[in-house]
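The values are calculated or read from the model by the stated rules, or taken from the named source; none is laboratory data. Because the structure is predicted, anything quoted here is derived from the model rather than measured. A quick note on method: Cβ atoms are made from the backbone with ideal geometry, for glycine too, and the neighbour counts reach across all protein chains shown. Note: accessible area is taken over every heavy atom of the protein model, side chains too, but ligands, DNA and RNA are not part of it. Shrake-Rupley method; radii C 1.70, N 1.55, O 1.52, S 1.80 Å.
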Amino acid sequence: MSPKEAPIDLERAVALWGDTVLRLAFCKSNSLADAEDITQMVFLKLCQRKQAFGCDEHMKAWLLRVTLTCASDVNRAHQGRHRAFPDDIESR
């Protein structure tokens, strides 16, 4: 098995970077529940990744980039649900 095909040690990744991912997700979402969901999404994407990382710093950079992307997706989804239309405001 070549290094690029080596399985990713998920437990080690969570131990090393789990708190960092959760904190970044919380900073971007301002919600602990959303931050926990984002963290789960990020590590699920890590499990699905086929290619190994060259070093821990590459994994960290990848995790943080994926966290930002997932947080943006969650925030965008929330904006669509909480949008008020002028007719809704006038009828109150």
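Applying the set (1) modelled with pLDDT under 95; (2) under 15 Å from LEU24 (Cβ atoms) to ALA77 leaves exactly one unmet item: (2).
Within the set LEU24, LEU46, LEU63, the sole residue that is assigned to a helix (DSSP H, G or I), touching a helix residue (DSSP H, G or I) at 6+ places or on another chain (Cβ under 7 Å) and open to solvent by 40 Å² or more (accessible area, probe 1.4 Å) turns out to be LEU24.
Rundown of residues vs (1) polar (S, T, N, Q); (2) open to solvent by less than 40 Å² (accessible area, probe 1.4 Å); (3) more than 17 Å from SER72 (Cβ to Cβ); (4) at pLDDT 95 or above, yes/no style:
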{"position": "SER2", "(1), (2), (3), (4)": "yes, no, yes, no"}
{"position": "GLU5", "(1), (2), (3), (4)": "no, no, yes, no"}
{"position": "VAL14", "(1), (2), (3), (4)": "no, no, yes, yes"}
{"position": "HIS58", "(1), (2), (3), (4)": "no, no, yes, yes"}
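Only one of the numbered conditions (1) buried (at least 17 other Cβ atoms within 10 Å of the Cβ); (2) within 14 Å of the chain's Cα centre (by Cα) is not met by PHE53, and that is (2).
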